[in-house]
Amino acid sequence: MKPSWKIRRRYIFAAFTLGGLMLISGSIAVLLNNDSATSDLITGGVALVTLVLTSYIFGAVWEDKTRGQNSDG
C-alpha cells in the first residue's frame with residue numbers, strides 16, 4: 001500500500017466520522033423537537049458520507065484502471 005492511500009484513508013475516516021456525527025446530532029435534534037437545523041444536519045451528513053464514499057470508490061477504480069490491475073481476478 002502506498003503512503004498516499006494511507007493519508008487518503010485518514011481523511012476518509014475523518015469525513016465519515018463528521019458525517020456520522022451530523023446524522024446523530026440531527027437525530028437528537030428530532031427527538032428534542034428542535035426543527036430549526038434538523039434538516040440541514042441530516043442532509044449535510046448524508047451528502048458528506050455519500051460524496052466521500054463515491055470519491056473513494058472512484059479513486060480506487062481509477063487507480064486500478066490506470067495501472068492495468070483487475071481486482072476481480
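Couple of notes before you dig in:
- Subset of segment 25-42 [in a helix (DSSP H, G or I) and exposed (fewer than 13 other Cβ atoms within 10 Å of the Cβ)]: Ile28, Leu31, Ser39, Asp40
- Counting the residues of segment 43-70 that are closer than 19 Å to Ser4 by Cα and loosely packed, with under 12 Cβ neighbours inside 10 Å gives 10.
- Taking segment 1-24 as the range and being of a type in the set (Lys, Arg), modelled with pLDDT under 80 and loosely packed, with under 14 Cβ neighbours inside 10 Å as the test, the residues that pass are Lys2, Lys6.
- Residue in segment 58-71 that is among the acidic types (Asp, Glu), more than 12 Å from the chain's Cα centre (by Cα) and part of a helix (DSSP H, G or I) present: yes
The values are calculated or read from the model by the stated rules, or taken from the named source; none is laboratory data. Keep in mind it's a predicted model, so treat the numbers as computed, not measured. For neighbour counting, all protein chains shown are included, and Cβ atoms are generated from backbone atoms with ideal geometry for every residue, glycine included.
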